[in-house]
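K.L.:
Provided herewith is a single structure, encoded as structure tokens, for subsequent inquiry.
A short reminder: the numbers here are calculations on the coordinates, not readings from a lab. Computed from a predicted model, the values in this text were never measured in an experiment. Positions of Cβ are generated from backbone atoms using ideal geometry, with glycine treated the same way; all protein chains shown enter the neighbour counts.
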Amino acid sequence: MRSGNFFLIHNYNTVPEELVSLCEDYRIIDASDDAQVTEQLLAGDYSFEHVENTGHNLTSYFSFFADHHEELPDVMCLCKGNMIGRHVSREYFERAMMNTWFTYLYEEKAMRARYSRPTEEMLKENGGKDIGEGSIACLLSECQYTEENSSWYMQTGTHPYRYFRTYDELLTFVYRDPVLPRRISFAPGGCYIVRREMVTRHGAAFYRNLNKVMNYTLEPGFPAEAFIVERMMPLIFESNYDVNPWMEDEMLFDERLAHREELISRAKAEAAAGAGALGKLKRIWRGL
């Protein structure tokens with residue numbers, strides 16, 4: 001059984017043979033830094049192009065949207081080379097891959113007990129305790145994950161940010177007067193089935209501009225802004241919000257982004273100065 005949907009596969013250091021076997025047409029955007037993988041893709045006569053690794057898959061999708069904006073396939077499965085087994089089971093993917101409507105390509109059965117409302121049986125097994133109580137995340141369905149809009153992922157220290165500190169900041173930068181949500185629903189991993197018209201409601205510049213926000217470093221990890229865009233994906237494809245004018249104008253966007261960088265740099269400096277002053281005060285207190 002093969003899907004008639006076009007598979008757009010971001011790939012890193014693997015040969016996505018299993019995914020390719022499930023579709024009639026595909027394109028691999030290969031960001032591998034393992035030369036043997038490239039050799040295997042060439043030897044296997046796979047349809048692929050090699051790109052610089054940005055540390056995540058979103059830039060591959062957005063670059064494809066921009067570069068092929070006038071000739072996109074009708075329906076696209078946005079996949080990762082290691083998606084089956086990591087973000088979805090093969091059983092779930094085979095049920096979903098024929099869909100021609102917007103679909104979350106995500107499933108995490110191991111977390112169902114924590115992310116779903118507990119049944120009486122589950123409570124009995126856990127001594128009456130709801131093991132998901134207090135969790136910031138939950139499931140709306142087998143594939144729809146939702147979490148509190150706390151921007152917790154921006155403060156890990158392993159992924160730097162340059163332009164935006166929170167989900168709300170980027171959301172209001174992209175859209176005019178959006179709702180600031182209490183919770184966010186998205187597919188962890190950024191894999192979906194999307195229709196062409198869902199993508200082309202935004203111009204090519206929109207996707208190139210978003211890539212600038214999340215493609216500027218790999219040290220110590222990829223930009224934290226990529227986590228925000230990952231959570232915005234359903235809005236990008238489904239919402240009816242008006243975008244701000246600079247989102248469809250690369251020159252104007254660059255000016256706005258430079259201004260954002262100045263604001264964030266200033267905020268970081270002020271925070272560091274405040275932390276330094278607090279540290280000095282604590283040292284004084286310890287000396288009393």
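K.L.:
Along its principal axes, what span do the Cα atoms of the stretch 63-204 show, with the longest given first and each in whole Å?
P.N.:
The principal-axis extents, from largest down, are 57, 37, 29 Å.
K.L.:
What is the order of 216, 61, fewest Cβ neighbours within 10 Å to most?
P.N.:
Fewest-to-most ranking of 216, 61: 216, 61.
K.L.:
Determine the sum of side-chain charges near residue 165: Lys and Arg each +1, Asp and Glu each -1, restricted to other residues whose C-beta is under 15 angstrom from that of residue 165.
P.N.:
-1
K.L.:
Moving on to the next point. Say each of residue 49 and residue 70 gets a label point 7 Å from the Cα, pointing the same way as Cα to Cβ; how far apart are those two points in nm?
P.N.:
For residue 49 paired with residue 70, the spin-label model returns 1.6 nm.
K.L.:
Here's a follow-up. So what is the relative contact order for the chain, in percent, with contacts set as C-alpha pairs under 8 Å and at least six apart?
P.N.:
Relative contact order, the chain: 19 percent.
K.L.:
Given a Förster radius of 41 Å and the C-beta distance between residue 271 and residue 13 as r, what FRET efficiency does 1/(1 + (r/R0)^6) yield to the nearest 0.05?
P.N.:
About 0.65, to the nearest 0.05.
K.L.:
Once you have a ≥ b ≥ c as the square roots of the Cα gyration tensor eigenvalues for the stretch 203-268, tell me rounded if a/c is under 1.5, and otherwise prolate or oblate according to whether a/b is larger than b/c.
P.N.:
It is oblate, given that a/c is not under 1.5 and a/b is not larger than b/c.
K.L.:
Further question on the same structure: Kindly provide the helix-only [θ] at 222 nm of the chain, computed as the sum of -39,500 (n - 2.57) over DSSP H runs of four or more divided by all residues, to the nearest 500 deg cm²/dmol?
P.N.:
-12000 deg cm²/dmol
K.L.:
Between residue 140 and residue 99, 0.36 nm times their residue separation minus their Cα-Cα distance comes to what?
P.N.:
Full-extension gain reported as 12.8 nm.
K.L.:
Shape of the stretch 1-77 from its Cα gyration tensor (a ≥ b ≥ c, root eigenvalues): rounded if a/c is under 1.5, otherwise prolate when a/b > b/c, or oblate?
P.N.:
Here the stretch 1-77 falls in the oblate category.
K.L.:
Looking only at Cα atoms, what is the convex hull volume of the chain per residue, in Å³?
P.N.:
Spelled out: Cα convex hull of the chain, divided by residues, is 181 Å³.
K.L.:
Another one. Report D for the stretch 139-288 in µm² per second (integer): Stokes-Einstein, Kirkwood Rh on Cα pairs, 4 °C, 1.567 mPa s.
P.N.:
Translational D for this selection: 75 µm²/s.
K.L.:
Computed on alpha carbon atoms, what radius of gyration and Dmax characterise the stretch 1-44, expressed in Å?
P.N.:
In order Rg, Dmax, the Cα atoms of the stretch 1-44 give 10.7, 32 Å.
K.L.:
Could you give the length gained by full extension between residue 263 and residue 242, i.e. 0.36 nm per residue of separation minus their alpha carbon distance, to one decimal place?
P.N.:
The residue 263-residue 242 span can extend by a further 5.1 nm.
K.L.:
Gap in Å between the Cα centre of the stretch 212-273 and the Cα centre of the stretch 51-130?
P.N.:
For the stretch 51-130 versus the stretch 212-273, the Cα centre distance is 24 Å.
K.L.:
Oh, and also: Say a paramagnetic label sat at a point 7 Å from the Cα of residue 176, along Cα to Cβ; which residues of the stretch 195-224 have their backbone N under 20 Å from it?
P.N.:
So the set is 200-207, 209-210.
K.L.:
Something else: What ³J(HN,Hα) values, in whole Hz, does the Karplus curve 6.51 cos²θ - 1.76 cosθ + 1.60 give for the stretch 136-148 when θ = phi - 60°, with x put for Gly and Pro?
P.N.:
Values per residue, Gly and Pro as x: 7, 10, 7, 10, 8, 7, 4, 10, 9, 9, 9, 9, 4 Hz.
K.L.:
Could you work out how far apart the two model spin labels at residue 218 and residue 25 are, taking each label as a point 7 Å from the Cα in the direction of the beta carbon, and quote it in nm?
P.N.:
A separation of 3.2 nm, rounded to one decimal place.
K.L.:
In whole Å, what is the distance between the alpha-carbon centres of the stretch 11-25 and the stretch 184-206?
P.N.:
Result: 21 Å between the Cα centres.
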